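To start, the structure itself, in structure tokens.
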Amino acid sequence: MGADLTTGVGSVSLPNPVMTASGTAGHGAELGAYGALSDLGAVVVKSLSPGPWEGNAAPRVHEVAAGMLNSVGLQGPGVPTWVAVELPALVALGARVVASIWGRRVEDFAEAAKGLAGAPGVVAVEVNVSCPNVEDRSRMFAHSPSATAEAVEAAAAAGLPRWAKLSPNVADLCEVAGAALGAGAEALTLVNTLLGMSVDVERRRPALGAGGGGLSGPALHPVAVRAVWECREAFPDAGIVGVGGVSNGTDAVELLLAGADAVQVGTATFRDPKAPWKVLAGVERWCRHHRVGRVADLVGAAHVR
Ligand SMILES: Cc1cc2nc3c(=O)[nH]c(=O)nc-3n(C[C@H](O)[C@H](O)[C@H](O)COP(=O)(O)O)c2cc1C
């Protein structure tokens, strides 16, 4: 018999610990062409703002050693259009949907969250605070514990469990994580991309249209493992979702052992759209080979208590 793959992220129960990562599987059911979305733990959609947003200038993605840089710039249709046009297809396919929201000011988070209140099939809201706060010299919300707390508080308008998606580009991640949890987040999603940049030496210009971008993929994996490890040490009872460079079952198990209740698969999906299902199959295989009966028993098991 296979392992019991069920897990919980805060108050949200999931049939297994593998989800898509925001921004890497579209806004709707796009990935449904490659596998049953209902077989994944959850589908996290690309971050949504209160209204439509155009995003950054092209090129928006650039391959680098052991990963990629992106500066998509949070392009999206806005919450009301997403609820009306994209969400029904996800629900019809039986996906458990996590809606990610972002904003340029605290009120945007409140408005986006309000638009999600009562939306069918949405099990949680992921509050992406790794975006520029126009009221604070465009520093990321996630760079400030108090701005992070305000955004997470504002997202309560959704009436859904809140997960705070944090940035690794901070001096003290646990301080920001503590502020998010203090503001009502049930879970931490760790981590968003690392700030990075490439220069095209032939054109003598930045490789990305926006200049800098976010680094993701295998290069980010050890950063995610450490973030999860440190936050699990600091917050033994918090929900934690690990994300960063997960390409196979072993990467996922590593994040679970470091303290994640579940994981998300992002950049790997660009190379192989079936990656989230392959990672899930890899976790099952790992459990079978190692005679692990319950995935939940792996969570945080690398910590000496
Ligand atoms: C093209 C692209 C777009 C992304 N868009 C979002 C986004 O809209 N919201 C968000 O919270 N994270 C976004 N991310 C970050 C991912 O969700 C994830 O945190 C990060 O890429 C690390 O995971 P990975 O190494 O598996 O890709 C994006 C990443 C990529 C590569």
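Below, the figures for the structure above:
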quantity	calculated
Residues that are charged (D, E, K, R) and open to solvent by less than 10 Å² (accessible area, probe 1.4 Å), drawn from the stretch 121-156	Glu126
Restricting the stretch 204-253 to residues that are out of contact with any His (no Cβ under 9 Å at 6 or more places or on another chain) and on the phi > 0 side of the Ramachandran plot, the residue that is surrounded by the fewest Cβ atoms within 10 Å (Cβ to Cβ)	Arg204
Count of the stretch 58-71 residues which are buried (at least 19 other Cβ atoms within 10 Å of the Cβ) and in a loop (DSSP other than H, G, I, E, B)	1
Those residues of the stretch 74-103 which are more than 9 Å from the ligand (Cβ to nearest atom) and either at positive phi or assigned to a loop (DSSP other than H, G, I, E, B) (or both), in sequence order	Pro77, Gly78, Leu93, Gly94, Ala95, Arg96, Gly103
Filtered residues of the stretch 15-33 (kept if surrounded by fewer than 22 Cβ atoms within 10 Å (Cβ to Cβ) and within 19 Å of Gly259 (Cβ to Cβ))	Asn16
In the stretch 200-224, the residues that are without any contact (Cβ under 8 Å) to a residue 60 or more places away in the chain and away from the ligand (no atom under 12 Å from the Cβ)	Asp200, Val201, Glu202, Arg203, Arg204, Arg205, Pro206
Candidates Gly159, Gly94, Gly118 - the one that is in contact with a Ser or Thr (Cβ under 6 Å, 6 or more places away or on another chain) and open to solvent by 30 Å² or more (accessible area, probe 1.4 Å)	Gly94
Extreme residue, farthest from Val246 (Cα to Cα), among residues of the stretch 189-199 that are open to solvent by less than 40 Å² (accessible area, probe 1.4 Å) and within 12 Å of the ligand (Cβ to nearest atom)	Gly196
Unique residue being of a type outside the set (Asp, Glu) and farther than 20 Å from Val12 by Cβ when the list is Arg137, Arg96	Arg137
Subset of the stretch 104-141 that is of a type in the set (Gly, Ala, Ser) and part of a loop (DSSP other than H, G, I, E, B) - its residue that is nearest to Gly73 (Cα to Cα)	Ser130
Pairs, first over 21 Å from Glu126 (Cβ atoms) in the stretch 45-64, second open to solvent by 60 Å² or more (accessible area, probe 1.4 Å) and not in a loop (DSSP other than H, G, I, E, B), C-beta under 9 Å, six or more apart	Val61/Phe270
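The values are calculated or read from the model by the stated rules, or taken from the named source; none is laboratory data. Here the structure is a predicted model, which is why all the values come from computation and not from measurement. As a convention, Cβ positions derive from the backbone with ideal geometry for all residues, glycine included, and neighbour counts pool all protein chains shown. These area figures cover heavy atoms from the full protein model, side chains too; ligands, DNA and RNA do not enter into them. Shrake-Rupley method; radii C 1.70, N 1.55, O 1.52, S 1.80 Å.
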